[in-house]
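Single-structure report; data block below.
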Amino acid sequence: MQTVFAPLHVGRYCFPMSGEAHRPLVMGILNITPNSFSDGGHFNSLEVALSRAEQMIAEGVDIIDIGGESTRPGVAPVSLQEELERVMPVIYALRDCGKALSIDTYKPEVMREAIVAGVDMINDINGFRAEGALTAVNDSDCGLCIMHMQKDPTTMQEAPQYGDVVAEVTAFLRQRVFDMENVGISRERICIDPGFGVGKTVEHNFTLLKNIGRLQQECGLPLLAGLSRKSAIGAITGKPVDRRLAGSLAAALAAVMHGARIVRVHDVAETVDALKIWQAAA
Ligand code: 7PJ
């Protein structure tokens, strides 16, 4: 039996999380990185991003997750100015594309600008722990994804350790939900994410994956799972990052089987197809 959840409110959109009308949602990853072939590169990376977004929309994406800073393990942070220059033109251009827009950031200044520009969701890998993050999102109607991360992106993969990874991640997420409700943020806007691959060993990742049902039940909120192309997939399959499609599809289906309501993926068309067959066979 799957836990029953109220619909998730994300800005202009309201997604059923249970019942007849519910189906797993696909969040498509739109990474904006500067184009190394053109000086400055911002115009070119805007064009590339918009054509990728157009493709994702045609492929059936539900939420477009725009990110201007790579948070892959060990990657250096980008400045606030640089992040804004990367993401803001994309947000303005996609504002009325008909799909929910999410911004993947942990910087309160970026959250504020993105909210003014009309994003529907804030996806924070840092769980809104930066000073000013809760205030930045408080007065909006944006959906909020709280992710668990041990340490920070530069240090998180240095020997991650837990006593009981499921209990610790659950306790962290419950505490953040509590803190958010305390400042007046409504639960109907919140989803949780155990943060696959961030401060976790392969074993931690698969333990969390198998326990998605428990995490959701104990937090009482829908869960978003992001396993796409991550190193845990590579560790099991032995494949480099550009050959992890099949592994990522299996991981997305496993997450949904365990009850995840949203999957965050690079390969939208393939994931949408896999989920359609999964649903038809359920
Ligand atoms: C995640 C994310 C994730 C959420 C990244 C990558 C690394 N946001 N942003 N969940 N991962 N909510 O995509 O490989 O797992 S960046």
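The values are calculated or read from the model by the stated rules, or taken from the named source; none is laboratory data. In this text the structure is predicted, and so the values were computed from the model without any measurement. So basically every Cβ, Gly included, is an ideal-geometry build from the backbone, and we count neighbours across all protein chains shown. These area figures cover heavy atoms from the full protein model, side chains too; ligands, DNA and RNA do not enter into them. Shrake-Rupley method; radii C 1.70, N 1.55, O 1.52, S 1.80 Å.
Below is a table of values for the structure above.
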{"read-out": "Given (1) in contact (Cβ under 8 Å) with a residue 24 or more places away in the chain; (2) assigned to a helix (DSSP H, G or I); (3) open to solvent by 10 Å² or more (accessible area, probe 1.4 Å); (4) away from the ligand (no atom under 15 Å from the Cβ), number of the condition Q175 does not satisfy", "value": "(1)"}
{"read-out": "Subset of the stretch 156-170 (residues that are open to solvent by less than 60 Å² (accessible area, probe 1.4 Å) and either more than 20 Å from the chain's Cα centre (by Cα) or at pLDDT 95 or above (or both))", "value": "P160, Y162, V165, V166, A167, V169, T170"}
{"read-out": "Condition check for M111: buried (at least 19 other Cβ atoms within 10 Å of the Cβ), in contact with a Ser or Thr (Cβ under 8 Å, 6 or more places away or on another chain) and aliphatic (A, V, I, L, M)", "value": "yes"}
{"read-out": "Test: residue in the stretch 180-198 that is touching a strand residue (DSSP E or B) at 6+ places or on another chain (Cβ under 9 Å), in a helix (DSSP H, G or I) and over 27 Å from R12 (Cα atoms)", "value": "no"}
{"read-out": "Failed item, numbered, when R229 is tested on (1) at pLDDT 95 or above; (2) open to solvent by 60 Å² or more (accessible area, probe 1.4 Å); (3) over 18 Å from D104 (Cβ atoms)", "value": "(3)"}
{"read-out": "The one condition in (1) surrounded by fewer than 22 Cβ atoms within 10 Å (Cβ to Cβ); (2) of a type outside the set (S, T, N, Q); (3) at pLDDT 95 or above; (4) not in a helix (DSSP H, G or I) that L144 fails to fulfil", "value": "(1)"}
{"read-out": "Conditions (1) within 14 Å of the ligand (Cβ to nearest atom); (2) at negative phi; number of the one not met by D141", "value": "(1)"}
{"read-out": "Members of the stretch 233-282 found to be open to solvent by 20 Å² or more (accessible area, probe 1.4 Å) and among the charged types (D, E, K, R), listed by number", "value": "K239, D242, R243, R244, R264, D267, E270, D273, K276"}
